[in-house]
Amino acid sequence: MNAPSDELTAPGTGFEFVCTASELPEVGAVLADVGGKPVSIVRTGDGQIHAIDDPCTHGQVSLSEGEVEGCLIECWLHGSRFDVRTGRPTGPPASAPVGVYAVRRVGDDIYVDAGSPLPVPAP
């Protein structure tokens, strides 16, 4: 593992080293602790890496255990699906979005902004 980037991990930046890209599945999610919060680190089929709140807003179970298809992650318990780019659910039973966090990649290292989630864009 490479040494964390001093620029991203300096106090006040909000970014925290969470894993390396090589530790992620080719398509799928892993659970990480980011600033004391459970966060799913998700790699989509196009190779993009996203960070979302891990608990499903409907069933409060781990989204990182769900399937990833395209830009959606599916909750294994009741089938709620969330767009990992926006956090918005795509249909019932979930109606509330999950938080989405800024991600930076430096080489193979993945950093997530442990501060507030990004604003949910308008539909």
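The values are calculated or read from the model by the stated rules, or taken from the named source; none is laboratory data. Note that this is a predicted model, so its numbers are computed, not measured. Here Cβ is always computed from backbone atoms with ideal geometry, including for glycine, and neighbour counts include all displayed protein chains. Remember, those area values only see protein heavy atoms, side chains included, never the ligands or the DNA or RNA. Shrake-Rupley method; radii C 1.70, N 1.55, O 1.52, S 1.80 Å.
Among the residues of segment 39-57, those that are under 17 Å from Pro89 (Cβ atoms) and open to solvent by 20 Å² or more (accessible area, probe 1.4 Å) comprise His50, Asp53, Pro55, Thr57. Identify, please: which residue in segment 69-78 is in a loop (DSSP other than H, G, I, E, B) and open to solvent by 70 Å² or more (accessible area, probe 1.4 Å) and is, among those, nearest to Ile49 (Cα to Cα)? Within segment 69-78, the match that is nearest to Ile49 (Cα to Cα) is Trp76.
Looking for whichever is among the hydroxyl-bearing types (Ser, Thr, Tyr) and touching a residue at least 60 places away in the same chain (Cβ under 8 Å) here; the options are Ser22, Ser95. Which one fits?
Values: Ser95 fails: touching a residue at least 60 places away in the same chain (Cβ under 8 Å).
Step by step, each of Ser22, Ser95 is checked, and only Ser22 is among the hydroxyl-bearing types (Ser, Thr, Tyr) and touching a residue at least 60 places away in the same chain (Cβ under 8 Å).
The residues in segment 48-68 that are out of contact with any Leu (no Cβ under 8 Å at 6 or more places or on another chain), free of Cβ contacts under 8 Å to residues at least 40 places away in the same chain and assigned to a strand (DSSP E or B) can be counted, and the count is 1. Residues in segment 99-123 that are at pLDDT 95 or above, of a type in the set (D, E, K, R) and buried (at least 18 other Cβ atoms within 10 Å of the Cβ): Asp109 alone. When Asp53, Asp6 are screened for being among the acidic types (Asp, Glu) and at pLDDT 95 or above, only Asp53 passes. Would you confirm whether or not segment 79-88 contains a residue that is over 12 Å from Cys56 (Cα atoms), surrounded by fewer than 16 Cβ atoms within 10 Å (Cβ to Cβ) and not basic (Lys, Arg)? Looking through segment 79-88, none of the residues is over 12 Å from Cys56 (Cα atoms), surrounded by fewer than 16 Cβ atoms within 10 Å (Cβ to Cβ) and not basic (Lys, Arg).
Of a type in the set (Gly, Ala, Ser) and within 16 Å of Gly14 (Cβ to Cβ): which single residue out of Gly115, Gly91 fits that description? Quick ask: steps written out before the conclusion?
Working: Gly91 fails: within 16 Å of Gly14 (Cβ to Cβ).
Just a single option satisfies the conditions, and that option is Gly115.
Tell me whether segment 90-98 contains one or more residues that are of a type outside the set (Gly, Ala, Ser), buried (at least 20 other Cβ atoms within 10 Å of the Cβ) and outside any loop (DSSP other than H, G, I, E, B). No: segment 90-98 contains no residue that is of a type outside the set (Gly, Ala, Ser), buried (at least 20 other Cβ atoms within 10 Å of the Cβ) and outside any loop (DSSP other than H, G, I, E, B). For segment 18-38, the condition holds for no residue, the condition being that it is surrounded by 20 or more Cβ atoms within 10 Å (Cβ to Cβ), under 20 Å from Pro119 (Cβ atoms), out of contact with any Lys or Arg (no Cβ under 7 Å at 6 or more places or on another chain) and at pLDDT 95 or above.
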